[in-house]
Amino acid sequence: SRLKELLGPDANSTDEWSQMLREREFGYLPSDKVDRMQNILADYKELRAKVYQNSLGVSLPEDQKKLQLIKKEQRADLEALFTSDELEAYEMRTSTIASILRNNLRSFKPTEEEYRTIYRLTKAANQDPQSPRLLPIGSADNPALVQLQADIEAALSPERFETYLLTTNPEYIAMDRLATRLGLPSTVTSQVISATKILQQRMAEAQSNNPTVRRSEIDAIAAEAKAQLTSLLGPRGYQAYRNQSIGKWIAGIRDE
């Protein structure tokens, strides 16, 4: 950019905090390549901005072609800059697949090797890794997704795969985020999931009973649910739980 041309080496922050952030984000790459990579990304970002600016908010086919060409050329420049191992390391941290996996594997807490394995399997399962459609999230009802999950199972130990299935369940992820937000121990997530599973099963059984006893049973289970969840989450956490998608099962029950 023009600013970097004017400032030269002084354009890059050298204060301790900036250097620490740089090391945390790009410590796996040689320092000189980080500089060149950032220049490449900045240049192509500027080119994309010009396309958007010139479009006046109206995207035409020729605009999409320009953006695709910019994307292709940026990729080519990065491939020319990095070795194959460096490029994979970069993509494992910055690609669309990486972003989604980091978000959904947070509760699983994979080791570096486990993450690399899941990343590689997920990337291989997608025809276009830049726009992935096949991701190990939620229920595996798609045959290709079933195969991806089977490949992940084969790559992990039985114990770790069991943990993987538990912690990548959308309900578990939502509960874990709530527990984190409330500053509660990580063990609370599993306790809440276990308790609600039993309570929901009892609620379903009560709802199938005859009307003369159903209301009293449902009220009793609702009161128990409130007591158990308040004990685990605290009064503030219980109300937050009810307001989340994971708490909708009790949101309509008279428990006050």
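Under the condition of being in a helix (DSSP H, G or I) and surrounded by 15 or more Cβ atoms within 10 Å (Cβ to Cβ), the residues counted in region 97-115 number 7. Of Leu60, Leu47, Leu29, all but one fail to be in contact with a Phe, Trp or Tyr (Cβ under 9 Å, 6 or more places away or on another chain), at pLDDT 60 or above and not acidic (Asp, Glu); the exception is Leu29.
How do the helices (runs of 4 or more DSSP H) wholly within region 146-224 filter down when requiring 3 or more residues that are in contact (Cβ under 8 Å) with a residue 40 or more places away in the chain, β-branched (Val, Ile, Thr) and under 22 Å from Gly234 (Cα atoms): which remain?
Filter on region 146-224 gives 187-207.
Residues in region 198-231 that are over 32 Å from the mean Cα position of the chain (by Cα), farther than 17 Å from Lys248 by Cα, open to solvent by 50 Å² or more (accessible area, probe 1.4 Å) and not charged (D, E, K, R): Ser208, Asn209, Asn210, Pro211, Thr212, Val213, Ser216, Ala220.
Annotation: of all residues in region 133-186 being within 13 Å of Ser107 (Cβ to Cβ) and β-branched (Val, Ile, Thr), the one that is most open to solvent (accessible area, probe 1.4 Å) is Thr180. In region 58-70 there is at least one residue matching the filter, namely being in contact with a helix residue (DSSP H, G or I) (Cβ under 6 Å, 6 or more places away or on another chain), free of Cβ contacts under 8 Å to residues at least 60 places away in the same chain and open to solvent by 30 Å² or more (accessible area, probe 1.4 Å). Within region 93-133, the set of residues being under 18 Å from Lys71 (Cα atoms) and of a type in the set (Val, Ile, Thr) comprises Thr94, Thr96, Ile97.
The values are calculated or read from the model by the stated rules, or taken from the named source; none is laboratory data. Here the structure is a predicted model, which is why all the values come from computation and not from measurement. Using ideal geometry, Cβ is built from the backbone for each residue, glycine included, and neighbour counts are taken over all protein chains shown. For accessibility, only protein heavy atoms count, side chains too; no ligands or nucleic acids. Shrake-Rupley method; radii C 1.70, N 1.55, O 1.52, S 1.80 Å.
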